[in-house]
1. GluC sites (Glu not before Pro) within the range B:716-811: which are DSSP loop residues with at most 13 other Cβ atoms inside 10 Å?
2. As a test question: what accessible area, to the nearest 10 Å², does B:PHE436 have when a 1.4 Å probe is rolled over all protein chains in place?
3. So how strong a dipole does chain B carry about its Cα centre when Lys and Arg Cβ are +1 and Asp and Glu Cβ are -1, to the nearest 20 debye?
4. Of the residues A:SER35, A:SER18, A:SER48, which exhibits the maximal mean-square fluctuation in a Gaussian network model of chain A defined by a 10 Å Cα contact cut-off?
5. Just list whichever of B:LYS904/B:LYS935; B:LYS474/B:LYS498; A:LYS5/B:LYS607; B:LYS325/B:LYS514; B:LYS344/B:LYS497; B:LYS620/B:LYS781 have alpha carbons separated by over 21 Å in the model shown.
6. How do B:VAL978, B:VAL909 rank by accessible surface area computed with a 1.4 Å probe, from largest to smallest?
7. Rounded, prolate or oblate for the range B:165-212? Axes are the square roots of the Cα gyration tensor eigenvalues, ordered a ≥ b ≥ c, and the cut-off for rounded is a/c under 1.5.
8. Please report, largest first and rounded to whole Å, the three semi-axes of the ellipsoid equivalent to the protein assembly as shown, where each semi-axis is the square root of five times an eigenvalue of the C-alpha gyration tensor.
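The values are calculated or read from the model by the stated rules, or taken from the named source; none is laboratory data. Source: prediction; values computed, not measured. In this analysis, Cβ positions are derived from the backbone assuming ideal geometry, glycine residues included, and neighbour counts consider all displayed protein chains. The area values use the complete protein model at the heavy-atom level, side chains included, leaving out ligands, DNA and RNA. Shrake-Rupley method; radii C 1.70, N 1.55, O 1.52, S 1.80 Å.
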Amino acid sequence: MLHIKCPHCGIRSQNEFSYGGDATIKRPELGKEISDQDWDNFVYNRKSLRGKHWELWQHLSGCRQWIKVQRDTATHEIFKTLKANEEIS
Amino acid sequence: MTQSFRLESGGLINRDKKISFKFNGKNYFGYEGDTLASALIANGVHLIGRSFKYHRPRGFFGAGVDEPYAIVQLYRNGETEPNIKATEQELFEGLEAKSVNCWPSVNFDIGAINNFLKIFLPAGFYYKTFMWPKSFWYKIYEPFIRRAAGLGTASIKHDKERYEHKYEYCDVLITGSGPSGLASAYSAAKNGAKVILAEDKSRFGGTLLTSEVNIGNQSGKEWADSIISELKEMPNVTVKNRSQVFGYYDHNMLVMSERISDHLPKTKKFHPKQRLWYIRAKEVLISSGSIERPIVFGNNDTPGVMLSSAAKEYMKVYGVLVGKKPLVFTNNDSGYETAIEFKKNGIDPIILDTRKEPQSEIIEEAKNMNINIKNSYVVVAAQGYKKVKSADIAKISDNKEELGSIENIECDCICVSGFWTPTIHLASQSGNKTKFNEDIDAFVPGISKQNEKTLGAANGIYTLEETLKDSFEKGNQLSKKITNNENKVSFPNVVEKKSTVHDKFWCVPLPKGKNYKRFLDFQNDVAVSDIEIALKEGYRSIEHVKRYTTLGMATDQGKTSNLNGLQLVSKIENKVVPAVGHTTFRPPYSPVSIGAIVGREVGKHSKPTRKSPMHSWHEKNNAVFVDAGVWLRPRYYKRGEENLFEASKREAKNVRTNVGVCDVTTLGKIDIKGPDAAELLNRVYTNAWLKLPVGKARYGVMLREDGIVMDDGTTTRISENHYHMTTTTAQAANVLSHLEYYLQLVWPELNVNVVSTTEQWAGAAIAGPKSRELLKKLFPKSDVTNEGLPFMGYMEGDLFGVKAKIFRISFSGELAYEVNVESDNGYFMWEKIIEAGEEFGIQPYGTEALSTLRIEMGHVAGSELDGRTIPYDNSLEGLLSKKKDFIGKRSLSRRAFAAEDRQKIVGVVPLDKKTSIPEGSHLVKDANAPLPNPKLGYISASCWSVEHDNPFSLAILKDGKNMIGEKLFVMSPLKNKVIPVEIVSSHYVDPKGERVRS
Ligand SMILES: [Zn+2]
């Protein structure tokens, strides 16, 4: 079970969190024209990386904040966690 | 029965306390401190079961967790448990155990016929033979295999015992209390670290209990005892026996099972039977020791053939002889220690050493004791069926390939030592890249992935002095890092006998003309010949060989067999062992009871039960409840002898003719506040929200980004910046997360707060033509006329002194209202509604009537919004705003979603107006078309229409738009039904929606 550092609450066990997918995907702006391909990339296409990956988790049974977590998908090592409003550097 | 194999004295058992127990129906005695195995051996019982595949007789092979044979069915305090190792089960008064794997009895076992047919049972036999003919599998093969195989019977009764879970954090977790565990725990504890020391067995000390060593002028056992008692006194140390750390998971989380009551006749009051510990450790020191490996020879599975270390442990710990004419067969010095122990107890052993001229202190001692030692000798085969009677032995050539002439010598046990295999399971589970150590022919931990270090024998260090030095040091270093404290422990003086190198020999060649079975895996009956066949048939990867032959796949996970299996593959394949690699170690290290894993989450505790504030009223009024997610909801209110069908029909009909009331507390409710609340709603719902006036409700549908309908419900504008959203019961939590996602990550600029208020409000839906009359009585001060409170209107009211929210919304298609009050007033509200409604013929209605009402109205719910449908499919396309963008809108223009013949919701009526249509059935054009019959759609929900008094269903049908009036067939292969039906509009009642506005 992973140990995730919520930037608001501190280190908590994985079972307090729910997974939310790739954190680098940006939702296209509302009302903007967008090609089928770009929309498909936003909705469906993911890289499914092996290695370092920025992903979203929600601290569901805690502060309910969505957070950004940099995790190695192969080793599960967690390098960094950010608040929702902090930019991935 | 006398304990004819019990020594006069010695051992760590309590001879003052006799314990009686039963094995296979016979009464025996043992002593306090015995295991079931040691007590049985003391009583001369050596036959304990039958093997899994060939049903060959099985005795004892080890003395602990590595035991592959002695698995019994245990009976304790009216309960029974399978898969118990007799070598681990401590004896208690009244213990009962039975053999497994034998039918009808252990002495006469019909399955043993497999042994004589063994030519037909090579590797992969099950795969090859029982696959054909296919029809034989269920009727003939499977019942036969099930009858003959298995490791006992699981109880089908409810387990009355309590199991607990515990979460713990520590600085250093140490797994095993042998020399390395004790030394490292001691130095870590002295530095002030929070230490947990876990010992699998009941006694602390590991090999110190059985080895002839001296530490600081104390015997090994005395030293262990003194360290343990000192550790127990320290407040920063937790010492646990009967506690096995069986799994190493991510981020240094380990799981340990503590067997609190298994050694007692009965679990004490307020005690659990077992406790599962989830431990987060900053550092883990693996001190799990090593397990002796067998040497492979003919009939090496005969009862009486066992590990030499086990024979020694039975003598030194339990005061029990495993035999009176022992043969010790060894390739290293460990066998000598066992022989010396026999000799000390007045028994004359014979040592067969595969080495030519080994020399060491230990060997010298054996020679001085006049023990008969035969060098360059091997056991070719054990003889005897249910117990070893003699051994065929022979000289072996220096290249270990030629056998000399066979001699037969009498013996009643063969104690085997093929050197030691480090127990690397936990290290391997942690992700450690293990490496092969040529010196000990075994894998040892390599590069750590997590914060773990392996000590002593588990790391391939086999001398006590080196082990202690390393362990004191590691315990000190790691704890110092955490506590910034250092209290160096002075290193004790260590005396141990020096040993010499072992012989890499591990498998005795077959003598000419003999075809003895030489077993590698003793629990799954995998012999050398099976591996040979697998390789001949082209299996190469060790993972494939393992699965094909089942080597190492039994409940002992190959603790005694893996390495010899690898040696064999590497020999045949002419590869070095590290190139073959070992199979993956997975938790648990040893079987764990399901009860311990489940813990307290059993039955009603397996999930929370949510009840509405009106629950007790429902109970008093004969409600029959149904699980709705975690909620308990009344399904119907039973009157007299009514069944579900009759009751729900009555309740639904009463809504259509009079008035009904339904508990809708379970609906998800989300409070939305802030200046941008309307903007948020406008983005998450498909329809327009910016112009909704205060005091009005609106129905809305929300989509996922992929265009699929996520949820629907009404949201009401309570005041300028305050909205009350309702969701379906099932999606309440998901919708909240969904809103939080967009507010926190996508549109943080929106100034809105959302919070769940599901529990804060109790809700009652009042529906039916007489509902307004009822409402007038409930809220005499409010104007609830059609003008004062029109359809989709909202107002606050005073319900006999209680503040209430009144929404004019309808799920049933009738004139209807929903009244919400604060939860604490829910019961009061409900009673008032029932009381006031009496004159209008009010009846409460449950979820079944609720379904009926919504189905015949064509109002979609969970069975249509099933994660596969878009708004069009549910005839909700009228709610899609063309003027604004919203979540998921772009997806709706994808080709499949915009297809002309896209599926759409329709109504379905059986032509005979009688036959009920099973939910989930398929719609087809031609009932007699050849299979696979093209499916046009499926039945999503069925009811008995109370309006039309005939069955009615909703279906999602291909090109549904153009199918109204068509005649199709409903097919349910499950229920074996074919029903001719007509497709009608999904709005079967009041298609113009006049009633809700009346
Ligand atoms: Zn948090």
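1. On the way: sites: B:GLU720, B:GLU740, B:GLU749, B:GLU759, B:GLU773, B:GLU787, B:GLU796; in loops: B:GLU720, B:GLU749, B:GLU787.
Passing sites in the range B:716-811 are B:GLU720, B:GLU749, B:GLU787.
2. 40 Å²
3. Details: 133 positive and 119 negative charges, 295 e Å.
Once rounded to the nearest 20, the dipole reads 1420 debye.
4. A:SER35
5. Pairs exceeding 21 Å: B:LYS474/B:LYS498; A:LYS5/B:LYS607; B:LYS325/B:LYS514; B:LYS620/B:LYS781.
6. B:VAL978, B:VAL909
7. It comes out oblate by the Cα gyration axes.
8. Over the Cα atoms of the protein assembly as shown, the semi-axes work out to 69, 34, 29 Å.
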